[in-house]
1. Taking into account only those residues within segment 204-224 that are away from ligand 1 (no atom under 16 Å from the Cβ) and either part of a strand (DSSP E or B) or of a type in the set (S, T, N, Q) (or both), which is least open to solvent (accessible area, probe 1.4 Å)?
2. Quick check on my filter: what residues within segment 158-180 are in contact (Cβ under 8 Å) with a residue 40 or more places away in the chain and open to solvent by 50 Å² or more (accessible area, probe 1.4 Å)?
3. Going by what's in this entry, would residue 194 be described as touching a Ser or Thr at 6+ places or on another chain (Cβ under 8 Å), part of a helix (DSSP H, G or I) and within 16 Å of ligand 1 (Cβ to nearest atom)?
4. From the list 131, 186, 200, which residue is farther than 16 Å from residue 272 by Cβ and within 16 Å of ligand 2 (Cβ to nearest atom)?
5. Taking only pairs six or more apart or across chains, which ones have beta-carbon atoms under 8 Å, a first residue in segment 196-211 that is closer than 14 Å to residue 147 by Cβ and touching a residue at least 60 places away in the same chain (Cβ under 8 Å), and a second residue that is more than 16 Å from ligand 2 (Cβ to nearest atom) and of a type in the set (Gly, Ala, Ser)?
6. Name, by its number, the condition in (1) in contact (Cβ under 8 Å) with a residue 24 or more places away in the chain; (2) more than 18 Å from residue 74 (Cβ to Cβ) that does not hold for residue 124.
7. Count, please, the residues in segment 230-276 that happen to be open to solvent by 70 Å² or more (accessible area, probe 1.4 Å) and either closer than 27 Å to residue 37 by Cβ or in a helix (DSSP H, G or I) (or both).
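The values are calculated or read from the model by the stated rules, or taken from the named source; none is laboratory data. Fair warning: this is a prediction, and the values are worked out from it, not measured in the lab. FYI the Cβ positions are ideal-geometry reconstructions off the backbone, even for glycines, and counts take in every protein chain you see. Heavy atoms of the whole protein, side chains included, go into the accessibility calculation; ligands, DNA and RNA do not. Shrake-Rupley method; radii C 1.70, N 1.55, O 1.52, S 1.80 Å.
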Amino acid sequence: MTATDFVHLHVHTQYSLLDGAIRFNDLYAKCHEFGMDTVTITDHGTMFGALEFYETARKAKLKPIIGCEFYVAPHSRKIKGGKTAGEVLYYHLVLLAMNKNGYQNLLKLASYAQLDGYYYKPRIDKELLREHSADLIALSACLHGEVAYQVGHNRDMKAAVKAASEFKDLFGDRFYLELQENGLEEQKVVNDGLKKIAAELDMQLVATNDCHYLNREDAAAHEVLLCIQTGKTMDDPKRFKFSTDELYFKSPADMARDFAHCPEALANAAVIAGRCNLELEYGESCFPVLSRLRAIP
Ligand SMILES: [Zn+2]
Ligand SMILES: [Zn+2]
């Protein structure tokens, strides 16, 4: 693989409201600078930017991959109360559309998340994933993904293997364990754990960078953005912030350096990009087919 084959598959744009600071046109320019022909959107919990992204990326002569980093309730999305010890209110999971059917599944999941599963964040659950996982590629997400959280935060490999097996049942060979290298200490433990699980369960790995801003020097401005989101000031030592300045849109060379320990994870980013080929038709009637409509379960 040459460095320019690398594709970023985990990218938060300005439509990850008050969380992502990447503007579309700047992102496209960066892709061209890096010789990338494919660009991805995976905003948090919503599809707000998807269509504009699809249209403008194509105009910029880039292949768009549309995805979403969903929030997944640990149990039913309908349970909106406390949590059990060792759990969180929601885990993260990245889903990418392989084609139009996958895109429609993303839309359904995003709608259910807002209408039916909202609790602090728009949440889906595994019941919905069982119904709407067709034509979607799933990546296990950041340290807040279920598998990573069990490995890292809970130090519970048994629970991590169980979670990974569940995702394998749901997605088969369309599920990838996501490795990230953002200079966070816990990532070392998590990445080692994920590699072990991949070997044990015969799963694939993929390298991503969880991009929240375009350039490294944008990290400070992004911190201010997070303060606006959480209603805090930069003077507050307890404010929510990311403990790294490496959530930028790294060059293929940067990624190759950071993942020298796992070239197959790097190569799989291009493999996944090749599996995602979304074509949306315009100028056609898109009204829902009444006979296919049903109430939210
Ligand atoms: Zn995440
Ligand atoms: Zn993310």
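1. The qualifying residue least open to solvent (accessible area, probe 1.4 Å) is 205.
2. Once the filter is applied, which keeps residues that are in contact (Cβ under 8 Å) with a residue 40 or more places away in the chain and open to solvent by 50 Å² or more (accessible area, probe 1.4 Å), segment 158-180 yields only 166.
3. The answer is yes for residue 194.
4. Selected residue: 186, the only one of 131, 186, 200 that is farther than 16 Å from residue 272 by Cβ and within 16 Å of ligand 2 (Cβ to nearest atom).
5. Hits for this filter: 204/198; 205/198; 205/265; 206/265.
6. Result: residue 124 passes all but (2).
7. Selection size over segment 230-276: 6.
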